[in-house]
1. Which net charge results when you count Lys and Arg as +1 and Asp and Glu as -1 among the other residues whose beta-carbon is under 12 Å from that of ALA52?
2. If a/c stays under 1.5 just call it rounded; otherwise compare a/b with b/c (prolate if a/b is bigger, oblate if not). Do that for region 1-80, with a ≥ b ≥ c from the square roots of the Cα gyration tensor eigenvalues.
3. With a 1.4 Å probe and all protein chains left in place, how much of the accessible area of the chain comes from carbon and sulfur atoms, in whole percent?
4. What angle, in degrees between 0 and 90 and rounded to the nearest 10, separates the Cα long axis of helix 63-81 from the longest principal axis of the Cα atoms of the chain?
5. Where in the chain lies the longest segment free of GluC sites (Glu not before Pro) that are both loop residues by DSSP (not H, G, I, E, B) and have at most 13 other Cβ atoms within 10 Å?
6. What is the sum of charges around LEU21, taking Lys and Arg as +1, Asp and Glu as -1, for the other residues whose C-beta is under 13 Å from the C-beta of LEU21?
7. What lysines does LYS189 reach when the alpha-carbon gap must be under 28 Å and sequence neighbours fewer than 8 apart in one chain are set aside?
8. Taking the chain as the region of interest, what is the percent of Cα-Cα pairs per 10 angstrom bin, listed from the shortest bin to the one with the maximum distance?
Amino acid sequence: MASNNNIVVLGAGVVGLTTALLLLQRGYSVTIVAAHMPGDTDPYYTSPMAGANWWPVSLPNTREQDWDRITYLALDRLASEVPEAGIHYQDAIIYKRNKDQDTVMTQWQQTLLSDEPWFKGLVRGFRKLNKEEIRGDADSGTRFQSVCINAGVYLAWLVGECRKRGGVFKRRMVKHVEEAGEWHHTGGKVACVVNCTGLLASKLGGVMDAKVTPTRGQIVLVRNEIEAMYDISGTDDGDEECTYLMMRAAGGGTVIGGSYQKGNWDTNVDQSMNNRIMKRAIALAPELVKPGQGIEALDVIRTYAALRPLRIGGVRLEREKIGKTEVVHNYGAGGFGYQASYGMAEYSARLVDEVCGRKGPEEKAKL
Ligand SMILES: Cc1cc2nc3c(=O)[nH]c(=O)nc-3n(C[C@H](O)[C@H](O)[C@H](O)COP(=O)(O)OP(=O)(O)OC[C@H]3O[C@@H](n4cnc5c(N)ncnc54)[C@H](O)[C@@H]3O)c2cc1C
């Protein structure tokens with residue numbers, strides 16, 4: 001059992017920052033060590049590239065469902081009470097085409113596409129769409145209130161919340177996970193390193209997780225506005241392409257996606273894919289442009305391809321002793337790092353409590 005409460009969180013993406021925040025709230029002394037920080041743009045730093053919204057893909061009665069539930073409650077509070085966090089409410093409209101039934105995309109999104117998803121009673125206003133609301137080649141759909149996050153504003157807000165509680169940031173590229181334990185700002189011994197390295201967990205010494213793989217997502221960010229967030233079960237442009245739209249809070253622009261390309265490390269933008277993404281977006285959300293206008297009426301801010309840090313078999317959230325260092329792993333969030341962030345952070349903090357011999361809330365309640 002550790003004899004102090006010094007923690008290093010390795011990674012300053014949404015997973016690392018949220019974990020650091022929850023540990024600080026529990027009274028730990030936390031240093032956040034990372035090669036990339038909010039404000040950077042780097043192909044291996046996923047968080048600033050995300051949409052991001054809360055659209056659960058987790059199956060019922062799993063730990064992932066619990067992470068999504070915990071996170072929804074946290075984001076709902078931020079959207080209603082903390083405007084500076086850069087999160088706002090937006091209705092989600094999810095369309096389903098019968099012809100997409102057995103595709104990879106449909107399997108991945110089966111919870112989101114369901115008429116009776118586990119989160120039906122959690123969100124506000126969940127209902128099936130009526131016939132007049134169905135657009136394009138969709139056959140059915142659902143609607144509910146959700147949230148959309150301006151990633152740039154939100155990550156900066158998380159940094160501020162950590163600093164306010166005494167969290168210290170150090171910019172380092174760490175070669176081996178054990179090395180992170182040397183960087184606590186007090187210079188003292190570290191009780192535990194929390195490994196939130198995302199995609200780069202595949203290259204970090206002592207971890208080298210071969211199950212971590214990118215899932216490429218290509219995005220067009222535009223100034224045009226939409227009335228709700230949209231998603232549809234599939235496209236006619238192949239199994240790796242998808243169509244979704246969301247408008248970021250606080251003037252962050254409208255994100256139009258996209259693609260879901262497993263194992264693809266390419267961060268160059270494919271222009272022909274961009275054209276397909278924009279055409280599909282206008283078909284799904286005609287209010288993007290005036291009647292009769294096409295993709296030339298989209299006011300593009302930038303286009304980019306980013307890499308979701310997927311882990312085959314699921315997120316790694318567990319303890320491991322590496323050499324002399326106690327490590328809690330928390331990485332591999334794929335396309336759901338924002339919408340599961342508070343749940344993943346809460347579960348990691350419980351493992352840190354275990355390492356440090358603290359009693360968790362459940363145990364305390366029993367006493
Ligand atoms: C196009 C796109 C759209 C998305 N939309 C959504 C969405 O709508 N909703 C949602 O929930 N999710 C979405 N995601 C997924 C989400 O962005 C990711 O799951 C999330 O950002 C992963 O965060 P992370 O903190 O694990 O990793 P990252 O953000 O990549 O952070 C990793 C951190 O670890 C640090 N690091 C790694 N290795 C080292 C090392 N050796 N030494 C020092 N530091 C190191 C990095 O510098 C960085 O600070 C989307 C992703 C993409 C690409």
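The values are calculated or read from the model by the stated rules, or taken from the named source; none is laboratory data. Because the structure is a prediction, the values reported are computed rather than measured. Cβ: placed from backbone, ideal geometry, glycine included. Neighbour counts: every protein chain shown. With ligands, DNA and RNA removed, areas are computed over all heavy atoms of the protein, side chains included. Shrake-Rupley method; radii C 1.70, N 1.55, O 1.52, S 1.80 Å.
1. On the way: positive: ARG248, ARG308; negative: none.
Taking every Cβ under 12 Å from that of ALA52, the sum is +2.
2. On the way: a/c = 1.91, a/b = 1.20, b/c = 1.59.
Since a/c reaches 1.5 but b/c is at least a/b, the shape of region 1-80 is classed as oblate.
3. Numbers: 7530 of 15340 Å².
Reported share for carbon and sulfur atoms: 49 percent.
4. 80 degrees
5. Details: sites that count: GLU225, GLU227.
That would be 1-224.
6. Details: positive: ARG26, ARG163, LYS164, ARG165; negative: GLU161, GLU346.
Value of the local net charge: +2.
7. The reachable lysines, counting only those whose Cα sits under 28 Å from LYS189, are LYS164, LYS170, LYS175, LYS203, LYS321, LYS324, LYS359, LYS364.
8. 5, 25, 33, 23, 10, 3, 0
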